[in-house]
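Since the structure comes first, as structure tokens, the remarks are kept for the end.
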Amino acid sequence: MFSVSFSIKFKYNMLLQYQNKKPESEILATTKARLRTVSGKALKNKLIHGDNLPILKSLISDYNLAGKIDLIYIDPPFATNGHFKIGKDRANTISNSENDQIAYSDTLLGDSFLEFLRERLILLRQLMSDQGSIYLHIDYKIGHYVKLIMDEVFGIKNFKNDITRIKCNPKNFQRKAYGNTKDMILFYSKSENAVWNDPKIPFSEEDAERLFKKTDKNGRKYTTIPLHAPGETANGNTGREWHGVKPPKGRHWRSDPAILEKLDEQGLIEWSVSGVPRKKIFIDERDGKKMQDIWEFKDPQYPSYPTEKNINLLKFIVGASSNEDDLVLDCFCGSGTTLAAAQELNRNWIGIDKSEHAIKVAKKRLLAMPANLFSKVDFEFLKEITDTEERVDAYTTRTFVTVQNLYKQNYAKKNLSH
Ligand SMILES: C[S@@+](CC[C@H](N)C(=O)[O-])C[C@H]1O[C@@H](n2cnc3c(N)ncnc32)[C@H](O)[C@@H]1O
């Protein structure tokens, strides 16, 4: 059932092959969903209940959102062959009880799962803006196949990171293997112009001791870096002698000697006993250290929805790869963690989920959030409707219009007879 093979498409493009892989043109021609607004018509933020594939198509065709989404985070099912349940009277906990209701099922496996995901990724690519990014959360069992699909859809050149996310404390697994405490987040951009806010994390005490070993007379911790950089300057000032010192062979001063002079006057240059100048870098002037690709954001111990993700993980992603007023999309939104993070950081958002439980939890969560000091969060709530529901809708509209026209005619007749 799960048989895959690789082929080399062009020089660096490896293609994952499996049965029933559709041509892109067929996926792009997916039938769109019919959506009915239940409340909050035409607001920018949208929560949509239904299957995300036809809904993504309708965001493209009916809502004119192709090329408008700046950030996508998705946390789809992971092909675990499991049912995720939610307790009726214990809304705060994930339930394993037979009697509890299924929040969602994760039963698509192997190539069917990969194709399910690929179809959605192809439509998501259509929706992404030129400055857009996508983060896909997946586990270590299927994640490497998904990486190949992502490479195919978004292009290897747009691959940014395979982030290791520490998800829980170490557990005593029974399997004859190492314990598993991580999953992965695949990060791609649409183009070279993606928003990137270069997030920093604070230095730990250990970092401070290791990286900023020196302390000045005012008690400020600092380190020093060379004043020169690789490459010789043939005629410019940065190749000149300064304070009787020339940059070492094959190197040049990082700044014009006039600037170096000013830095020296301000006490920002340290001279070694042998007369070598270095620039002082103070820890209190740095906004932290660069975030690396191993992240620790453990999931909530008492989630309101199975597989609910850590809100700080989502706030970190939203802050890193979008700006205020940008549009953020999560089409497997579950309890609405991405939407809540986007809301908190003043981004607009769209969330889609096909589970009634998920929609209920997400709605409750979003409605409990303040939009600002004076009002609550506003969003349009839409629902995918079936053919029958559409026919009933059309019939109700026709009946309403007929009654309205009859009323108008009667009213006009009465007024004429006066
Ligand atoms: C892992 S959960 C997402 C959890 C979410 N990140 C959170 O923090 O709560 C995956 C979600 O995808 C939804 N889902 C699965 N297939 C879907 C589909 N075809 N269309 C829309 N939602 C779907 C499930 O109902 C489930 O809520």
Q. Considering the stretch 243-311, what Rg and Dmax in Å follow from its alpha-carbon atoms?
A. 23.0, 69
Q: Return the sequence-ordered ³J(HN,Hα) values of the stretch 382-391 in whole Hz as given by the Karplus equation 6.51 cos²θ - 1.76 cosθ + 1.60 applied to θ = phi - 60°, using x for Gly and Pro.
A: 10, 9, 6, 10, 7, 4, 4, 4, 5, 5
**Q.** Total charge dipole magnitude, the stretch 205-285, about the Cα centre, Cβ charges on Lys, Arg, Asp, Glu only, Debye to nearest 20
**A.** 280 debye
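Using only alpha carbon positions, build the gyration tensor of the stretch 218-337, then give the equivalent ellipsoid semi-axes as the square roots of 5 times its eigenvalues, largest first, whole angstrom.
Details: eigenvalues 473, 63, 31 Å².
For the stretch 218-337, the semi-axes come out at 49, 18, 13 Å.
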Q. If you rank Trp196, Trp295, Trp253, Trp349 by fewest surrounding Cβ atoms within 10 Å, what's the result?
A. Trp196, Trp295, Trp253, Trp349
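Equivalent-ellipsoid semi-axes (√(5λ), Cα gyration tensor) for the stretch 205-285, whole Å, largest first? Write down the numbers at each step before the final one.
Values: eigenvalues 138, 36, 23 Å².
Here the semi-axes work out to 26, 13, 11 Å.
Let me have the relative contact order for the chain, percent, based on Cα pairs under 8 Å that are six or more residues apart.
Values: 743 pairs, mean separation 94.4, N = 418.
Value for the chain: 23 percent.
Sorted from fewest to most neighbouring beta carbons within 10 Å, what does the list Phe187, Phe159 look like?
Working: Phe187 22, Phe159 15.
Ascending Cβ contact count within 10 Å gives the list Phe159, Phe187.
Just how many % of Cα pairs in the chain lie over 27 Å apart, if you round to the nearest whole percent?
On the way: 55442 of 87153 pairs.
When all Cα pairs of the chain are counted, 64 percent exceed 27 Å.
Tell me, Cys333, Cys168 in order of fewest to most beta-carbon neighbours within 10 Å? Walk me through the intermediate numbers first.
Details: Cys333 28, Cys168 13.
Exposure proxy ranking, most exposed first: Cys168, Cys333.
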Q) Amide H of Lys46: which non-local residues (sequence gap of 5 or more, or other chain) have their own amide H closer than 5 Å, using H built in the peptide plane? A) Trp349, Ile350, Gly351, Glu380
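Can you give the Rg to Rh ratio for the stretch 347-404, taking only C-alpha atoms and Rh from Kirkwood? Mind dumping the intermediate values first?
Details: Rg = 16.5 Å, Rh = 14.3 Å.
Looking at the stretch 347-404, the ratio lands at 1.15.
For the stretch 159-211, compute Rh as the Kirkwood radius over C-alpha pairs and then the Stokes-Einstein diffusion coefficient at 25 °C and 0.890 mPa s; write the answer in µm²/s, rounded to an integer. Can you show the working numbers first?
Working: Rh = 14.9 Å.
The Stokes-Einstein estimate is 165 µm²/s.
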Q. When DSSP assigns beta bridges and you keep just the ones with both residues in the chain, what percent turn out antiparallel, to the nearest 5?
A. 70 percent
Q) Which of the residue pairs Lys46/Lys298; Lys32/Lys354; Lys171/Lys298 have a Cα-Cα distance greater than 18 Å in the structure shown? A) Lys46/Lys298
Q | Cα centroid separation - the stretch 302-336 against the stretch 196-240, whole Å | A | 35 Å
Q) Taking the Cα centre of the chain as the origin, how large is its charge dipole in debye, to the nearest 20, when only Lys and Arg (+1) and Asp and Glu (-1) carry charge on their Cβ atoms? A) 200 debye
Q: Please express the shape of the stretch 95-246 as an equivalent ellipsoid: the semi-axes are the square roots of 5 times the eigenvalues of the C-alpha gyration tensor, given largest first in whole angstrom.
A: 47, 27, 14
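Read the figures in this text as sums done on the coordinates, not as results from a lab. None of the values given here were measured: they were computed from a predicted structure. FYI the Cβ positions are ideal-geometry reconstructions off the backbone, even for glycines, and counts take in every protein chain you see.
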